[in-house]
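The values are calculated or read from the model by the stated rules, or taken from the named source; none is laboratory data. Everything numeric in this text was worked out from a predicted model, so none of it was measured. Note: ideal-geometry Cβ built from the backbone for every residue, glycine included; neighbour counts use all protein chains shown.
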Amino acid sequence: MPLGGRGCGFCSVFHRLLIPRLPGIKISPGLSGPVVLSSANRNEEKTTGTKMAIAGEQHTLDIPSPPRRKSARSEQVYRKEMFLSRQRSPAGRIPYKRYLGAPIRYAGGKSLATGIIIEQIPGDIRRLVSPFIGGGSIEVACAVEIGIPTVGYDVFDVLTTYWKAQLRHPAALYERLSRFEATPEEFRRAKETLRQHWKKERRDLHWLDVAALYYFTHNTSYGPGFLSWPSYIYMNQDRYEKMIKKVAQFAAPNLTVEQASFETVLPKHRNDFLYCDPPYYLGRDTKMFRGIYPQRNFPIHHNGFDHALLKDLLNRHKGGFLLSYNDCPQIREWYADYEISTPSWQYTLGQGETRIGKYRPDGNHVKQSHELLIYAPPAA
Ligand SMILES: C[S@@+](CC[C@H](N)C(=O)[O-])C[C@H]1O[C@@H](n2cnc3c(N)ncnc32)[C@H](O)[C@@H]1O
């Protein structure tokens, strides 16, 4: 049924919901017809849909028809395609727009890669488990936009304390955040209190205060980074107030976050589909420019990370996984038996820096990513 025609109630609700969200799009009845979903939808039922021409643009947008059988899983498949359609970049320079649904900035975050990565996550899974949630762009998109029940973990307890406050007590977190002023002096005071907590020099802080101190000092910092220095772009009260409104308004009822290290998480979720975004492999043979994280927080995110153990656990995993890694010979060798793709997205981590280096010869701060996506389907 072409979009805009007479149809079932679901279609007209779909129509009403969709059209206002896609400004500049006109429906071209001549273009309606079957749409073959991307090869990434490996386990999913095929749906048919409608192609839309975008006014004044060369390309068309594939709009899937709503599922006939409205099981939770087929609903997810449908919502995934809708999400990807909305995220497609109209300019076409990059495949997808940055996803801004997560309330926290994060070094190495995947907000620009969300569309590319979600293409490869099957929509019809029972649950998504992410052992390295970080800033959670992918996880928030899966939970909120697609409706996949999602469980995130991270070893970094200050970060998971923030996530728990964000998910369970957004109003209380917002109230605490609204007490801060976005000034360098306030930043330094807050950072010192958080440092004392981190070093266990003081143990009297309420966990919601830890969450607020983390969010304030992290989200307004250069990098961003943990116990970093203030970013002058973010030392702006109007910008800060706008930013923390997102904290108050954020809701993701089917996302939970716990603190744990991956070696305890993977055996507990043997049959769940995993999205894994571990710290980069920074061995001797890596081509990757180490300065990719201006504020690398090595002691938290990288030191002692057992990449070989992760490989062994993933080799035994039954539920399937999508793994993102930096492109380097050791990772290619370890995962040679899996389907590997080399997607490209641009990111601007380090914007504002003045350093240049071997892998940034032109001094340009907009860098091409060098990442691998490694896919293992769920065992049949
Ligand atoms: C590349 S970041 C993830 C970024 C995330 N995908 C995003 O979009 O923001 C890697 C994360 O792994 C976490 N991490 C490091 N070692 C870990 C471990 N042993 N177990 C679980 N998480 C770990 C770090 O704290 C960090 O948040």
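Pick from 83, 132: which is within 26 Å of residue 231 (Cβ to Cβ) and among the aromatic types (Phe, Trp, Tyr)?
Of 83, 132, the one residue that is within 26 Å of residue 231 (Cβ to Cβ) and among the aromatic types (Phe, Trp, Tyr) is 132.
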Condition broken by residue 143, with the remaining ones in (1) buried (at least 18 other Cβ atoms within 10 Å of the Cβ); (2) away from the ligand (no atom under 13 Å from the Cβ); (3) closer than 18 Å to residue 371 by Cα satisfied: (3)
Candidates 187, 180, 226 - the one that is buried (at least 19 other Cβ atoms within 10 Å of the Cβ), in contact (Cβ under 8 Å) with a residue 40 or more places away in the chain and in contact with an Asp or Glu (Cβ under 8 Å, 6 or more places away or on another chain): 180
Residue ranges of helices (runs of 4 or more DSSP H) in the stretch 294-380 with at least 3 members at pLDDT 55 or above: 307-316, 329-334
Of all residues making up the stretch 146-175, the number that are in contact with a His (Cβ under 9 Å, 6 or more places away or on another chain) and more than 10 Å from the ligand (Cβ to nearest atom): 2
Checklist (1) modelled with pLDDT of 95 or more; (2) more than 19 Å from the chain's Cα centre (by Cα); (3) not acidic (Asp, Glu) applied to residue 219, failing item: (2)
Qualifying residues in the stretch 71-109 (those that are basic (Lys, Arg) and within 14 Å of the chain's Cα centre (by Cα)) - the one farthest from residue 375 (Cα to Cα): 105
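Matching residues to (1) modelled with pLDDT under 95; (2) under 20 Å from the mean Cα position of the chain (by Cα); (3) assigned to a helix (DSSP H, G or I); (4) not assigned by TED's automatic domain parsing to the domain that holds residue 231:
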residue	(1), (2), (3), (4)
111	yes, yes, no, yes
122	no, yes, no, yes
125	no, yes, no, yes
140	no, yes, yes, yes
192	no, no, yes, no
Of residues in the stretch 250-275 being within 9 Å of the ligand (Cβ to nearest atom) and of a type in the set (A, V, I, L, M, F, W, C), the one surrounded by the fewest Cβ atoms within 10 Å (Cβ to Cβ): 260
Test set (1) away from the ligand (no atom under 14 Å from the Cβ); (2) at pLDDT 95 or above; (3) assigned to a loop (DSSP other than H, G, I, E, B) - residue 101 fails condition number: (1)
Total residues in the stretch 69-98, condition of a type in the set (Lys, Arg) and part of a helix (DSSP H, G or I): 4
